[in-house]
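J.: Mind looking over this structure? Questions follow.
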Amino acid sequence: MTSTTKVSPRYTGKRNRLDKPELLAPAGNLEKLKFAVHYGADAVYIGGQKYGLRSNADNFSFAEMKEGVEFAEKYGAKVFVATNIYAHNEDIAGLEEYLRELENAGIAAIIAADPIIIETAQRVAPKMEVHLSTQQSTMNWQAVKFWKDEGLPRVVLAREVSLEEIQEIKEHVNIEIEAFIHGAMCSSYSGRCVLSNHFTDRDSNRGGCCQSCRWKYDIYEDDLQMVGMDADKFTMGSKDLCMLESIPDLIDVGVDSFKIEGRMKSLHYVATVVNAYRQAIDSYMADPENYVLKQVWLDDIQKAANRPVNTGFFYDTPGAEDHIYVPEDKATPYDFAGVVISYDESTGHAVIQQRNHFKPGQEVEFFGPNGTFFKQVVGEIKDESGNVLDAARHPLQYIVMKTEQPVKPMDMMRKKVR
């Protein structure tokens, strides 16, 4: 990551449809949806009980979707639902009813790859947009034009597409382009891996991927002699994507929606990453001529990262240095410690819901939307009954503590762990 850098302005005006890039965040459950929107997401994408690729996420019921839509609308945000499996015959029953229920819940768009899901949604839920999933591995302007001619207003490009190719697509096709700009990268072509199917009988393209590209492996020679018996086991997998330093370039080529990966990631991760990109996008759009990339945004991203990062395929084809071959240490030295529930201005005390162990004497950081940030040492802490505690050790326990600056509900507290 670089230090504070002044970036030459490249924004040249309105693109095909969106006046300002949409910041699209993942939400694995209702709480994450609310925090993603509160911290600045213009839209969130979620999974329902069927037809999505994150079967292990806390996927949404229709009632939760409606609550999420109502919350998002207060902020002017939208909710999308991933229906991006490749369907087998057995998956088709109930599809029409499911899509109608999504429309009735107020879902703005589905993200789909299978033509039968796309066609069915257009037919039975016409008020709901259909966005083409990255699972289609769309990488050229002719393919994008095909999907536009099929009535789709937006294409989520394959992760393997470069900035130069995106620019060419935008020159040929008047359509919204969505691109992943942060998060984990699949080791296969945009999610087409079948290692999970073979190793665990969990179907990668129906939501069951076991992420076998992240496992540790023993290495053998052709004669089945193990290599490096005393060494760490071999692992493989791509580094994470981070395009925070490239906001002007993404805008320059006409990316309409900046998509963050991570429906399985933590609440702290979602809020932190959304917060950093929100500030960078808003700062650039407010004054392109004098835009400065701030080190604090880069530092915050590192506090939420799981793996080393790079720029994926946007500038060049990743090489050996862009992959991970040894077991990873914990990349982030920070843990999510708590979330602010309320604040009493008269006393300066806040009620904090504990999310990880913390205790008096530890230095913590408070942060909130729009760059709210300060550090302090934890002083005396009490439970709700006023009992003084030596530590906040019980999950979701409500803790009362004095904060050195005012805080607001949904502000977060994190602690350094090393």
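The values are calculated or read from the model by the stated rules, or taken from the named source; none is laboratory data. Model, not experiment: these values are computed from the prediction. Methodologically, a virtual Cβ is constructed for each residue, glycine included, from the backbone with ideal geometry; neighbour enumeration extends over all protein chains shown. The protein model used for the area step is the full one, side chains on, heavy atoms only, and it has no ligands, DNA or RNA in it. Shrake-Rupley method; radii C 1.70, N 1.55, O 1.52, S 1.80 Å.
J.: Per residue, how large is the accessible surface of the stretch 29-168? Use a 1.4 angstrom probe and give square angstrom.
T.: On a per-residue basis, the stretch 29-168 sits at 42 Å².
J.: Computed on alpha carbon atoms, what radius of gyration and Dmax characterise the chain, expressed in Å?
T.: 22.5, 74
J.: Once you keep just the Cα pairs under 8 angstrom separated by 6 or more residues, what percentage relative contact order results for the chain?
T.: About 17 percent, as a whole number.
J.: Project the alpha carbons of the stretch 294-418 onto their principal axes and report the range along each, largest first, in whole Å.
T.: 58, 30, 20
J.: Could you sort Val253, Val388 by their accessible area in this structure, using a 1.4 Å probe and putting the largest first?
T.: Result, largest first: Val388, Val253.
J.: Something else: For the stretch 111-154, what is the convex hull volume of the alpha-carbon atoms per residue, in Å³?
T.: Convex hull volume per residue, Cα atoms: 59 Å³.
J.: Around Gln353, what is the net charge, scoring Lys/Arg as +1 and Asp/Glu as -1 over all other residues with Cβ under 13 Å from its Cβ?
T.: Net charge around Gln353: -3.
J.: Now, a different point. Given H placed on each backbone N at 1.01 Å, which residues far from Lys78 in sequence or on other chains put an amide H within less than 5 Å of it?
T.: Ala43, Val44
J.: Per DSSP helix of 4 or more residues, -39500 (n - 2.57); summed, then divided by the residues of the chain. What does that give at 222 nm, rounded to the nearest 500?
T.: Computed ellipticity for the chain at 222 nm equals -7500 deg cm²/dmol.
J.: Further question: Taking amide H positions as placed in the peptide plane 1.01 Å from N, state which residues far from Asn310 in sequence (5 or more) or on other chains have amide H under 5 Å from it.
T.: Those qualifying (amide H under 5 Å, at least 5 residues apart or on another chain) are Asp240, Leu241, Cys242.
J.: A further question on this structure: Taking 31 Å as the cut-off for C-alpha to C-alpha distance, list the pairs among Lys20/Lys359; Lys265/Lys294; Lys34/Lys239; Lys66/Lys216; Lys20/Lys145; Lys148/Lys216 that go past it.
T.: Lys20/Lys359; Lys66/Lys216; Lys148/Lys216
J.: If you filter the stretch 312-418 for GluC sites (Glu not before Pro), then keep DSSP loop positions with at most 15 other Cβ within 10 Å, what is left?
T.: Within the stretch 312-418, the qualifying GluC sites (Glu not before Pro) (loop, at most 15 other Cβ atoms within 10 Å) are Glu328, Glu345, Glu380, Glu384, Glu404.
J.: Take each of the peptides 41-51, 241-251, 142-152, average the number of other beta-carbon atoms within 10 Å over its residues, and list them starting from the highest.
T.: 41-51, 241-251, 142-152
J.: Still on this structure, I have one more. Using a 1.4 Å probe on the protein heavy atoms, what percent of the accessible area of the stretch 74-178 belongs to carbon and sulfur?
T.: Roughly 45 percent of what the probe reaches on the stretch 74-178 is carbon or sulfur.
J.: State in Å² the accessible area per residue of the stretch 293-418; use a 1.4 Å probe, count heavy atoms of protein chains only, and round to the nearest integer.
T.: Value returned for the stretch 293-418: 52 Å² of accessible area per residue.
J.: If you roll a 1.4 angstrom probe over the protein chains with everything in place, what fraction of the accessible area of the stretch 255-406 belongs to carbon and sulfur, to the nearest %?
T.: 49 percent
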